[in-house]
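Q: If you scroll down you'll find the structure; I have some questions about it.
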Amino acid sequence: MAVLFAAILWGTTGTAATFAPKVSPLAIGAVAMGLGGLLQALIALKGILRHRAKLKQNFRLLLIGAIAVAVYPLAFYASMHLAGVTVGTVISIGSAPLFSALIEYFFSGSRLTKRWLSGATLGIVGMLLLCLAKNTNHVDTSSSADVLNGVLLGLLAGLTYALYSWAAHQIMRKGIPSKTAMGATFGIGGLMLMPVLLLTGASLVESWNNAAVGLYMALVPMFIGYVCFGFGLARIPASMATTLTLLEPVVAAVLAVFIVGERISAQGWLGIAMVGACLIIISMPAKNPKLQLSRSSH
């Protein structure tokens, strides 16, 4: 439930960004994840200081997660800027479970159950249907090259999203509380984004509207959302968490229809229904523990 609530908050970011069209996607990403990350570090400061020895022992994981945190918002918002809100969100979030499963398979020795694979496949197919439906019904002046670049940036966003989720989860498994692990990872990532914000963020203070959008992005989806995500990530595998966040592009698509004015065909709504089915399949507790996604050493 915590991860799903985070996904709902994240689903509002694309629509919120449309209310500040003169702000660059790099500035949006830097202010959202940069300030949000620093706030997470601030509320976790006591834990970070208390567990600094363990964090130092796991510095490599911490650095991997922080770099991924810094790259993710830049790629994500640039993807939405080039390919559109729905397509950018679909590619970024829809690809994350695949990358997450590959990362866990190669680096953590995880195995995926048939139920998880079927649910994830259903969700990803639903994302593809939603993406194609959006492309069919959206009148766009962007060139094919822009859309392709947007898709590639979306894949980079999906990879970095899966990577920082995995890294944070591994740090938590070392005995470090979720609040501390997320605060340290996002705090360092937020510091890395400060130069980007200084270089691109002048437009954020040009009007109250732009400033309000920046503050909303930092405080609500990024700060509150990632606190909820960290709470859930400490209790479920990273691959399951990233799959549950397939709800995000559904929320983004619905908001794009009712607020931004985009249209979704019957094919797109079918995709939304498939994602809903995916969430039900992978979030229901397994009756047999052996059916759960886990490491073979558990």
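The values are calculated or read from the model by the stated rules, or taken from the named source; none is laboratory data. Bear in mind the structure is a predicted one, so any value in this text is a computation, not a measurement. Every residue, glycine among them, receives a Cβ derived from its backbone with ideal geometry; neighbour counts consider all protein chains shown.
Q: Going by the conditions given, is Ala218 surrounded by 17 or more Cβ atoms within 10 Å (Cβ to Cβ) and either within 19 Å of Leu246 (Cβ to Cβ) or modelled with pLDDT of 90 or more (or both)?
A: For Ala218, the condition - surrounded by 17 or more Cβ atoms within 10 Å (Cβ to Cβ) and either within 19 Å of Leu246 (Cβ to Cβ) or modelled with pLDDT of 90 or more (or both) - is met.
Q: Here is a further query. Any idea which residue in segment 257-271 is surrounded by the most Cβ atoms within 10 Å (Cβ to Cβ), counting only those that are at pLDDT 80 or above and either in contact with a Gly (Cβ under 9 Å, 6 or more places away or on another chain) or not small (Gly, Ala, Ser) (or both)?
A: Only one residue fits best here, namely Gly271.
Q: Got at least one residue in segment 223-240 being more than 30 Å from Ser108 (Cα to Cα), modelled with pLDDT of 90 or more, assigned to a helix (DSSP H, G or I) and not acidic (Asp, Glu)?
A: Looking through segment 223-240, none of the residues is more than 30 Å from Ser108 (Cα to Cα), modelled with pLDDT of 90 or more, assigned to a helix (DSSP H, G or I) and not acidic (Asp, Glu).
Q: To continue, here is another question. Is it fair to say Ile176 is modelled with pLDDT of 90 or more and in contact with a His (Cβ under 8 Å, 6 or more places away or on another chain)?
A: Answer is yes for this residue.
Q: Confirm whether Ser79 is in contact (Cβ under 8 Å) with a residue 40 or more places away in the chain, of a type in the set (S, T, N, Q), touching a Phe, Trp or Tyr at 6+ places or on another chain (Cβ under 6 Å) and crowded, with 21+ Cβ neighbours inside 10 Å.
A: Criteria not met by Ser79.
Q: Among what's in segment 92-107 and is within 13 Å of Ser165 (Cα to Cα) and not hydrophobic (A, V, I, L, M, F, W, C), pick the residue that is surrounded by the fewest Cβ atoms within 10 Å (Cβ to Cβ).
A: Glu104
Q: Still on this structure, please answer the following. Residues being surrounded by 24 or more Cβ atoms within 10 Å (Cβ to Cβ) and in a helix (DSSP H, G or I): count how many of those fall in segment 175-202.
A: 10
Q: Select from segment 109-126 the residues that are surrounded by 17 or more Cβ atoms within 10 Å (Cβ to Cβ), of a type outside the set (A, V, I, L, M) and within 29 Å of Ile171 (Cβ to Cβ) and list them in ascending order.
A: Passing the criteria: Ser110, Trp116, Gly119, Gly123.
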